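S.K.: Could you have a look at this structure, given as C-alpha cells, before my questions?
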Amino acid sequence: MKMLEFLDKDAITVDIKSTKKEDVIKELVDLISKVHPIKDKKSLIGTLMNRELLGSTGIGQGIGIPHAKSSVVKKLIAAFGISRTGVDFDSLDGEPTYIFLLLVAPEDAAGPHLKALAKISRMLQDKFIRDSLISAKNKDIIFDIIRHEDRKS
C-alpha cells in the first residue's frame, strides 16, 4: 500500500494553527473535506474524538495519527499537517506533537485501515524523515518526501 493512494496533495498543510487536540482534529477534518466532500463533519469529528477516549493517537516522537472508521466516507482518505509550535496531544511520551496524519476509513475497511496505519508508522519511525517533514516549507516538499518513501516500498 502506498500513502499517496489515500493522501492527496491538497489535503496537506504545513501550518496547523490549532493548539488543542480537538481543534487540531477539526482543522484536519476541514482540510480533508476540501478534497473529499464529507456529508457530516460533526459526526466524523465525534467519531475521531471517541476514538481518542480509547487511548491517545499521539504515539510519541512528535507524531499524532488520529484515525477512525466512519460511515461518512466511502474510501480510505487522509489529511497531513505540521504544527510549527507543537500541540499537547496526550502523547505516550508526554512530548508535544508536530506531525499529524488524520486517517479515515469506511466502517467495513478494517484491512486497508490497519495496513495504512502500519505504513504511516513505519515511515515516521525514521528520525530523518520526521525532521525533514517538520522543516518542510510547503506542502509540495511534504508531498515529494512521501512520494519518495512510497517508491522505496
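S.K.: Are any of the pairs Lys39/Lys115; Lys20/Lys152; Lys39/Lys127; Lys17/Lys152; Lys17/Lys39; Lys41/Lys152 more than 30 Å apart by Cα-Cα distance, and if so, which?
M.R.: Lys20/Lys152; Lys39/Lys127; Lys17/Lys152; Lys41/Lys152
S.K.: Still on this structure, I have one more. Work from the charge dipole of the chain (Cβ charges, +1 for Lys and Arg, -1 for Asp and Glu, about the Cα centre) and give the residue of Ser132, Val87, Ala11 farthest towards its positive end.
M.R.: Ala11
S.K.: Let me ask something additional. Looking at region 3-152, I'd like the Rg to Rh ratio, where Rg is from alpha-carbon atoms and Rh is Kirkwood's inverse mean 1/r. Write out the running numbers ahead of the final one.
M.R.: Working: Rg = 13.8 Å, Rh = 15.0 Å.
Computed over Cα atoms, the ratio is 0.92.
Every read-out reported here was derived from the displayed coordinates using simple, explicitly stated rules and does not represent laboratory data. Because the structure is predicted, anything quoted here is derived from the model rather than measured. All Cβ positions, glycine included, derive from the backbone under ideal geometry; neighbour counts span all protein chains shown.
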